1. Using a Förster radius of 56 Å, what is the FRET efficiency between ASP316 and HIS70 based on their Cβ-Cβ separation? Nearest 0.05, please.
2. Mind giving me the FRET efficiency for ASP554 and ALA100? R0 is 45 Å, r the Cβ-Cβ distance, nearest 0.05 is fine.
3. Exactly which trypsin sites (Lys or Arg not before Pro) in the range 485-549 are in a DSSP loop and have at most 16 other Cβ atoms within 10 Å?
4. Can you give the alpha-carbon Rg of the range 249-535 over 2.2 N^0.38 Å, where N counts its residues?
5. Tell me, what ³J(HN,Hα) does each residue in the range 532-544 have, in order and in whole Hz, if you take phi through Karplus 6.51 cos²θ - 1.76 cosθ + 1.60 with θ = phi - 60° and put x for Gly and Pro?
6. Cα centroids of the range 238-309 and the range 479-554: how far apart, whole angstrom?
7. Using only the alpha carbon atoms of the range 412-570, find the Kirkwood hydrodynamic radius as the inverse mean reciprocal pair distance, in angstroms to one decimal.
8. As a check on your grasp of the helix formula, calculate [θ] at 222 nm for the chain: sum -39500 (n - 2.57) over DSSP H runs of n ≥ 4, divide by the residue count, round to the nearest 500.
Amino acid sequence: MTDPVALYGTAVPPAPATELCHGEVTLTLQEGALRHIRVGGTEIIRSVAFLARDRDWGTIAPEIGALERHEEDGTLRLVLPLRFDTGSARLDVSLQVQIADGRLCVAAEGRTHGDFETNRAGFTVLHPIEGVAGCPVRVTHGDGRIEDSRFPELIAPWQPFMDIAALEHEANGMRVRCAFAGDTFEMEDQRQWGDASYKTYNRPLALPWPYILGDGAALVQSCEITWKPAPISAPARPASAAQTALVPQTALVLTAEDARRLARQPEDLDVVGPQRLLCHVDAAAGPAAPQIAAFAEAQAALPGILFDLELICRFDGSQSPGEELAAHAAAVRDSALAPASVFVCPSVDRQSTPPGSDWPDCPPLEEIHAAAARAFPDLPRGGGMASLFTELNRKRPPLGHLDFVSHALCSIVHAADDGHVMETLETIPHIARSMREIIGGCGYRIGPATIAMRQNPYGSRTIPNPEGGRVCMTDDDPRHRGAFGAAYALGLVAALAPFDIAVWTPAALYGPRGLFGDNGPLPLADALRAVSDLAGKPVREAGIADGIATLATDDARLSANLTPAINNGLPRYGWHLSRGAEIETRAQRGYLSG
């Protein structure tokens, strides 16, 4: 299959990529970034990029000029012009790269035209996580002080290293040093957003943002990377899984509007056959009672499905937590909705509180969940975050009141190219292991877990995507509608399954993250049906290796190709389900044909 719409849900092609090789160094130049920098086949740096972010932390896509390439005296020199335009101002940058024996230097010289508003403008360097998580690192600070430490093994909620002038680590048989100049740099553990990297970036988050680079301002930064062979260090401890795990139950998320539609069209659930529906009630957006009544209407039409209540509460001081939750419980009783569980999250906790920011007004979580226990005494109760693991890691739930903990996932927070989206699956075991350290044996639910964002914790809106491109932090990613989206979901469940996830919510029923397109059910629906049919069965094998995701039970085996090339007999982003000697392919649907 080569039809881009069938593969990616859009005719917009992936950004062009140029493979570069100089001596033992190979890398990919894509969208102005140096990616997957390898020495002798070993990846030493995931990415070096000069980025500009807008006030909502959206990535400003640069206009990229013609690449100049020169080789002389064993050194490869590249010059690439970048133009970042906000509509009212622009930043012109000349990116200069030099690669010589044992050294790669990337420098940027820029100048603004107009007052350029940004949350960040400068270099971002990504370290990979495989073989690096938990390994020793030496940090040189701006005052020359040396700190010997380790890359975090469990996901760090706050920046592990501040005021970085240089980082040096040994992993995978290489000693790698990154030296920075031109600004103050610090590191965040990007795994908590789902990225398969540790990120070193310029301008401390504790400083105000957005900020203005005034008209005519000059910007000069550099990053020098050096390397040499080193003894292979002891590998970091692998992400441990549960001794016994069951294939999670599948849920789909519904809004009240969706529930009214489903009540009229209950057969729409047949495309997946989920065990549960996640009923999103947002009391901060409007009265909760009419929303709850809509779910009761849907439940009357679908009595065999479990309805889980996701209750986003105001907790704005107009009522005590006990009073607000008691009112919501009364609305549930009055509607005759019979929820299987209730998840409670303060509305303000959907927004991130970055380092250096003041926490918003909110009652203590202990008080909130104690009130939820009084309001819903006979229901399994959950806490955590309706947003991402990032927010849960920074504000952890009081487990004594909870039967389960949940958070969402999104794979396009910091980058949105195809490779990055699939690479986020590398991070799932790290997130799951870190969660298990936080919640122990408490029930663990995931979702919504989609490529696109349901809601942006880092800005005032999700990013519009009218052209159907690959856009960070959008609520509508076209790949959800193609074979890519089906493969991603199967990769996600394969990465999650070893950690005994009770429920996963990989899609909505309707809308841009739903199961239906203009021509009926999406490829994703068929893939989710295969997983739903396995719910509750013991996991015998699960994981991702060599671009293939695998989930196996005693009598079934799901395999998915997460790559854009034929792999292990599977077509591009194709998958199959085998039961015993029988293999059920989906080739007849067309989107899996080679």
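Just so you know, all these numbers are worked out from the coordinates, no wet-lab data involved. Not measured: the values here are computed from a predicted model. Cβ placement follows ideal geometry from the backbone for every residue including glycine, while neighbour counts extend to all protein chains displayed.
1. Details: r = 61 Å, r/R0 = 1.09.
Plugging the Cβ-Cβ distance into 1/(1 + (r/R0)^6) gives 0.40.
2. Calculated value: 0.20.
3. On the way: sites: ARG513, ARG529, ARG540; in loops: ARG513, ARG540.
Within the range 485-549, the qualifying trypsin sites (Lys or Arg not before Pro) (loop, at most 16 other Cβ atoms within 10 Å) are ARG540.
4. Values: Rg = 17.9 Å, N = 287, 2.2 N^0.38 = 18.9 Å.
For the range 249-535, the normalised Cα radius of gyration comes out at 0.95.
5. 4, 5, 9, 4, x, 8, x, 7, 9, 7, 7, x, 10
6. 17
7. On the way: mean 1/r = 0.0613 Å⁻¹.
That comes to 16.3 Å for the range 412-570.
8. Working: 10 runs with 102 residues, N = 594.
Computed mean residue ellipticity for the chain: -5000 deg cm²/dmol.
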